[in-house]
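Worksheet: one structure, shown below.
The values are calculated or read from the model by the stated rules, or taken from the named source; none is laboratory data. From a predicted model like this one, the values you see are computed outputs, not experimental measurements. Positions of Cβ are generated from backbone atoms using ideal geometry, with glycine treated the same way; all protein chains shown enter the neighbour counts. Calculation scope for accessible area: heavy atoms of the full protein, side chains included, ligands and nucleic acids excluded. Shrake-Rupley method; radii C 1.70, N 1.55, O 1.52, S 1.80 Å.
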Amino acid sequence: MEVQETRVQTDRVLTIPNILSMARLVGVPVFLWLILRPEFGGPKSDGWALLVLALSGISDYLDGKLARRWNQISSLGRLLDPAADRLYILSTLVGLTWREILPLWLTAVLLARELVLLVMVGILRRHGYPPPQVNFLGKAATFNLMYAFPLLLLSDGSGWISSLAAIFGWAFAGWGTTLYWWAGVLYVVQVRRLVRADAMSD
């Protein structure tokens, strides 16, 4: 997270925030299995999938808060936190697209942003820089998408609750996608400035 730039980092691995982040990573395949069970002849387990996603959101909030409060910000945490975010988004995209809850074009738009960011990370590494820090805009985008996906999953049914979930789910998805790309553009600008500064110093 962006606050980690201004605080002392540690090389400790077994901290409470890191354990929470590891638990989130373990939850990724569990969530994907639950959401895809109906596609392979199993019972619908959307309620359990929503519970795993909710617990992931809670742990995402707690790991950063506890890391700051207990001064347990670590180099490993800087990697685990955004990795867990991206894997949950990727697994949710796969599951919801497979079940035709999300349209393919939206999945393509979100994955294209990830591809752009992957290219930027490669450029940074070539110039000896670490991956870009997760900024507030990127975190806000992730939160919007994390609200959107469970609501859209809940909309895959009938009744007024499903209809209401669809309205709010698509609203969050729209905001999340816009912010996701906005944060991506800012990363590109940041990388361009660093590379240009590097070229001028040579």
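General remarks:
For every residue, the table says whether it meets (1) on the phi > 0 side of the Ramachandran plot; (2) modelled with pLDDT of 90 or more; (3) surrounded by 12 or more Cβ atoms within 10 Å (Cβ to Cβ).
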position: T142; (1), (2), (3): no, no, yes
position: L145; (1), (2), (3): no, no, yes
position: I161; (1), (2), (3): no, no, no
position: L164; (1), (2), (3): no, yes, yes
position: W181; (1), (2), (3): no, yes, yes
position: Q190; (1), (2), (3): no, no, yes
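- For E100, the stated conditions hold: it is outside any helix (DSSP H, G or I) and at pLDDT 75 or above.
- Close pairs (8 angstrom Cβ cut-off, 6 or more residues apart or separate chains): over 19 Å from N135 (Cα atoms) in the range 189-202, assigned to a helix (DSSP H, G or I) and open to solvent by less than 60 Å² (accessible area, probe 1.4 Å) anywhere: V195/I123
- Yes/no for L152 being part of a helix (DSSP H, G or I) and under 15 Å from the mean Cα position of the chain (by Cα): no
- Residue-level check: of (1) modelled with pLDDT under 85; (2) over 27 Å from W175 (Cα atoms), D85 misses just (2).
- Flag if F168 is within 14 Å of the chain's Cα centre (by Cα) and surrounded by fewer than 20 Cβ atoms within 10 Å (Cβ to Cβ): no
- Odd one out for S155 among (1) open to solvent by 60 Å² or more (accessible area, probe 1.4 Å); (2) of a type outside the set (V, I, T); (3) in contact with a helix residue (DSSP H, G or I) (Cβ under 7 Å, 6 or more places away or on another chain); (4) more than 29 Å from I123 (Cα to Cα): (1)
- Test: residue in the range 2-16 that is assigned to a helix (DSSP H, G or I) and at pLDDT 75 or above: yes
- For the range 126-147, a tally of residues being β-branched (V, I, T), out of contact with any Ser or Thr (no Cβ under 9 Å at 6 or more places or on another chain) and outside any helix (DSSP H, G or I) returns 0.
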